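A.B. asks: Let me give you the structure first, and then I'll get to my questions.
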Amino acid sequence: PSAFLAFTRSAFVAKRCNYDQPNWFGVGLAFSTTAALWAFLFKQHNEDIMEYERRKQEKQHKCTGCS
């Protein structure tokens, strides 16, 4: 069995995973990246809504004096 495991082991794994001590840097990086993406999503959504409302108002404005 050990010869079989040697072929299935990834070349990128240098040591066994220690689940008693999680990789807190990786956990923090994952959560902070997720939070940053959600913040960007909400910001972009609000900007899109404001632009939609502005264009809707502009479309309804029928003034002959403005062009």
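A.B. asks: Could you look through region 42-64, keep only residues that are open to solvent by 70 Å² or more (accessible area, probe 1.4 Å) and not in a helix (DSSP H, G or I), and pick out the one that is modelled with the highest pLDDT?
C.D. replies: Per the criteria, the residue is 61.
A.B. asks: Could you please give the count of residues in region 11-36 that are open to solvent by 100 Å² or more (accessible area, probe 1.4 Å) and hydroxyl-bearing (Ser, Thr, Tyr)?
C.D. replies: 1
A.B. asks: Sticking with this one: Condition test on residue 39, is it loosely packed, with under 10 Cβ neighbours inside 10 Å and either within 29 Å of the chain's Cα centre (by Cα) or at pLDDT below 90 (or both)?
C.D. replies: In short, no.
The values are calculated or read from the model by the stated rules, or taken from the named source; none is laboratory data. Because the structure is predicted, anything quoted here is derived from the model rather than measured. Ideal geometry is used to build each Cβ from the backbone, glycine not excepted, and the neighbour counts take in all protein chains shown. Remember, those area values only see protein heavy atoms, side chains included, never the ligands or the DNA or RNA. Shrake-Rupley method; radii C 1.70, N 1.55, O 1.52, S 1.80 Å.
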